[in-house]
1. Condition test on residue 38, is it assigned to a strand (DSSP E or B) and open to solvent by 50 Å² or more (accessible area, probe 1.4 Å)?
2. Exactly one condition in (1) of a type outside the set (D, E, K, R); (2) surrounded by 12 or more Cβ atoms within 10 Å (Cβ to Cβ); (3) not in a strand (DSSP E or B) is false for residue 52; which is it?
3. Would segment 72-82 turn up any residue that is touching a Pro at 6+ places or on another chain (Cβ under 8 Å), at pLDDT 90 or above and either not aliphatic (A, V, I, L, M) or not in a loop (DSSP other than H, G, I, E, B) (or both)?
Amino acid sequence: MLRTLMPISALLLCCACHPGAPPKTIRLPPAISEASGLSIRGDTFTWHNDSGDGPVLYTTDQHGTLLRQTTLAATARDNEDLT
């Protein structure tokens, strides 16, 4: 059992300490007041708010700095997720 746990523990420790891993918490800009969906691609995070914001996507870096705000040509009332 110990032989099995040691490699798994070492793998988890390496993954947790990887310098490219995103931070565990980020301070979001005021435009993202009620984040409901998130897509992560490399170092950029794309978010949308819960109901009432319209079809708007917000792209931030891994520190929460707003990079871009994109309004989609769609009608939306209450998006729940990004795919």
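1. Spelling it out, residue 38 is indeed assigned to a strand (DSSP E or B) and open to solvent by 50 Å² or more (accessible area, probe 1.4 Å).
2. With respect to (1) of a type outside the set (D, E, K, R); (2) surrounded by 12 or more Cβ atoms within 10 Å (Cβ to Cβ); (3) not in a strand (DSSP E or B), residue 52 is out only on (2).
3. Within segment 72-82, none of the residues are touching a Pro at 6+ places or on another chain (Cβ under 8 Å), at pLDDT 90 or above and either not aliphatic (A, V, I, L, M) or not in a loop (DSSP other than H, G, I, E, B) (or both).
The values are calculated or read from the model by the stated rules, or taken from the named source; none is laboratory data. On a predicted model such as this, the values are computed, not experimentally measured, just so you know. Cβ coordinates were reconstructed from backbone atoms using ideal geometry, including for glycine residues, and neighbour counts include every protein chain displayed. Only protein heavy atoms, including side chains, enter the accessible area calculation; ligands, DNA and RNA are left aside. Shrake-Rupley method; radii C 1.70, N 1.55, O 1.52, S 1.80 Å.
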